[in-house]
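Every number in this text was worked out from the coordinates using simple rules, so none of it is lab data. Everything quoted here is computed from the prediction, not taken from an experiment. Here the Cβ positions follow ideal geometry from the backbone for every residue, glycine too, while neighbour counts run over all protein chains shown.
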Amino acid sequence: MKLVLSSVLVVASAVSQVAAHYKFPSLVINGAKTGDWVNVRMTNNHYSNGPVTDVTSSDIRCYTSETNAAATTANVTAGSTVGFTVDASISHPGPALVYMAKAPSQAAGWDGSGAVWFKIFEMPPTLSASGMTWPSSGLTQINFTIPKSLPSGQYLIRVEHIAIHSASSAGGAQFYLSCGQVNVANGGSGSPSPLVSFPGAYKATDPGIMINIYYPVPTSYTMPGPAVWRG
């Protein structure tokens, strides 16, 4: 009886952990979902929903070291609203961020290596005496605007949520991320900056990545990565 009960508890714990995790499987274009893993490269966690925890790993870029997944490239317009779906919802506290990287030619088959990534969107917390409030909590979709002055061409677009509920020591932060592929039309003549690489943009000890968000209550928060390029 004890053995059966123990087995049930282990299974229940595993299910609970998977349920608390999440992934970003599809783009949202013109208000419509494009389908799971169609314009988004299938990530290693497509079954487990588990996170990346090592910021020096190549998986911090697109999380496809096991799947080596391909995707098709969706057409979008500079200045339009695009999104990523969340399966099932963002259930941990932490910031949401979106980066883009211009492909040398086609986004398909390009690995996004080098200092080519720039940030276009972020969702920082609201701070008060009682604690930190995260606008991303509970979201089932993250929407953002493609900068109007972004040059036309094909891009990787990387969504990320950093869960920092257990981030009081190095390696405790959890990174949930995916990379989609888009072809941007009607772009401008902007020059996105600053440019960073993945891995390379983050250190495990960065103040927005290694932090105790509970006690003492933080009075400030430093968003990970570079400043947002507004275009």
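Couple of notes before you dig in:
- Likely footprinting exposure, SER152, SER136, fewest C-beta neighbours within 10 Å first: SER152, SER136
- Antiparallel content of DSSP bridges confined to the chain, in %, to 5: 90
- Computed from label points 7 Å out along Cα-Cβ, the spacing between THR140 and ASN30 is 2.3 nm.
- Residue separation of SER168 and SER149 scaled by 0.36 nm, minus their Cα-Cα distance, works out to 3.0 nm of gained length.
- The HN-Hα couplings worked out from phi for region 21-32 by the Karplus form 6.51 cos²θ - 1.76 cosθ + 1.60 (θ = phi - 60°) are 9, 7, 8, 10, x, 8, 7, 10, 10, 6, x, 10 Hz, whole numbers, x standing for Gly and Pro.
- Structural descriptor for region 22-185: relative contact order 32 percent, calculated from alpha carbon pairs under 8 angstrom and at least 6 residues apart.
- Once both labels are positioned 7 Å from their Cα atoms along Cα-to-Cβ, the gap between ASP54 and THR67 label points is 2.0 nm.
- Exposure proxy for VAL159, VAL217: other Cβ atoms within 10 Å of each Cβ, ordered fewest to most, give VAL217, VAL159.
- Mean residue ellipticity at 222 nm, helices only, the chain: -3000 deg cm²/dmol; runs of at least 4 DSSP H residues each add -39,500 (n - 2.57), and the sum is divided by the number of residues.
- Only Lys, Arg, Asp and Glu carry charge here, each on its Cβ (+1 for the first two, -1 for the last two); on that basis the chain has a dipole of about 260 debye about its Cα centre.
- Between helix 2-20 and the chain: long-axis angle, C-alpha atoms, 0 to 90°, nearest 10: 30
- log10 of Debye I(q)/I(0), alpha-carbon scatterers only, for the chain at 0.16, 0.18 Å⁻¹: -1.11, -1.38
- Close amide-amide hydrogen proximity is noted between THR73 and no other residue 5 or more places distant or on a separate chain, at a cut-off under 5 Å (H modeled in the peptide plane; Pro and chain starts excluded).
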